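Worksheet: the structure to be examined is printed underneath.
No lab work stands behind these numbers, since they all come straight from the coordinates. Since we're looking at a predicted model, the values are computed, not measured. Quick reminder, even Gly has a Cβ in these numbers, built from the backbone with ideal geometry, and neighbours come from all protein chains shown.
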Amino acid sequence: MKEQLARLIALQEADLRLEELAERKRRIPEMIEAARQPLLSSQATRDTTKQEFEKLTKDRKAREQELAVQEQVISKLQDRTTKGEIKTNREYQAHLLEIELAKKKRGEIEEQLLVLMDGVDVEKKDLEQAEAAVKETEQRFTAEKASLEGSVGALDEELAGLRQKRETVSATIEPSLLRNYEKLRASKKGQALAGVNKDGTCMVCRLHVQPQVVAEVKRATSIQTCSQCHRILYWAGEPVQVLPVPEKPTDAVEVEEAETTE
Ligand SMILES: [Zn+2]
């Protein structure tokens, strides 16, 4: 029975590892998606920055055209003076005011243009940074994705080895014991066996196992189960000593009657 228990332990080890690796493999697509997030986020930032840069560039061009038009307006107004179209003083005063207003408007356009030019410069730098961030996150993602996809091969290899081991070990276990194990495994989330530690506790459900059961578990001549979680118990404490440990002699302490009190 001791040998059978050892095989069950080996089987459970293989089963638990199989489950762990299968779960890891299942999670790979999800992990690739998680690794893609920084790239998506940097692309979104880049797109917004690009839109802002393009909008400001368009605004700047429009303002430049506006400025050119205003220059023409001023130039035409000034031409009227030289062409001698202005006859009276009153007309001249009105004309001067018109030029002044046109120049004032030009000044306003120039101010707006300066602000826009500054804005375009800032956005241009931001866009360059955003493009660099996209490039960096793209490289990192490509590397992470390749590494994750590459790990599938190694996982498949280990999984195949474990399945092979499981088959080999199962073939050496008594059919009824194996059936019992499988039934427990299905109902106990893969953990059909439970170790009993040196404090005599079931290591899965923490029940304090009765001393006579612990003794049976140590001897491993029969299958013992936990009365609470019903798992098959095995000894997981210190190795069982075959030879009895010699007791440490306890020296009788003689009471000294004639003790000096001085
Ligand atoms: Zn238990």
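Some notes on this structure:
- Label point at residue 131 placed 7 Å out along Cα→Cβ; residues across the range 33-64 whose backbone nitrogen lies under 20 Å: 39-61
- Crossing angle, helix 175-187 versus the chain [Cα axis fit, 0-90 degrees, rounded to tens]: 40
- In degrees, nearest ten, helix 2-26 long axis to first principal axis of the chain (Cα): 10
- Using Cβ point charges alone (K and R +1, D and E -1), the dipole size of the range 23-87 about the Cα centre works out to roughly 200 debye.
- Prolate/oblate/rounded label for the range 1-71 (Cα gyration tensor, a/c 1.5): prolate
- Taken over the Cα atoms of the range 130-222, the convex hull encloses 184 Å³ per residue.
- Estimated D of the chain in µm² per second, where Rh is the Kirkwood radius over Cα pairs and Stokes-Einstein applies at 25 °C, 0.890 mPa s: 87
- Estimated from helical segments only, the mean residue ellipticity of the chain at 222 nm is -26000 deg cm²/dmol, where each DSSP H run of four or more residues counts as -39500 (n - 2.57).
- Shape of the range 175-235, Cα gyration tensor, a/c cut at 1.5: oblate
- Residue exposure sequence - 96, 233 - by fewest surrounding Cβ within 10 Å: 96, 233
- Backbone amide hydrogens, once placed in the peptide plane, bring residue 201 within less than 5 Å of 209, excluding anything fewer than 5 places away on its chain.
- Near residue 158: Cβ cut-off under 11 Å, other residues only, Lys/Arg at +1 and Asp/Glu at -1. The net charge is +2.
- In straight-distance terms, cross-link reach from residue 103 covers every one of the lysines whose alpha-carbon lies under 30 Å from its own, apart from those fewer than eight places away in the same chain; here that gives 55, 58, 61, 76, 83, 87.
- Against the chain, whose longest principal axis is taken from its Cα atoms, helix 89-170 shows a tilt of about 20°.
- For residue 235, nonlocal amide neighbours, meaning residues 5 or more places apart or on other chains whose placed amide H falls under 5 Å from its own, are 196.
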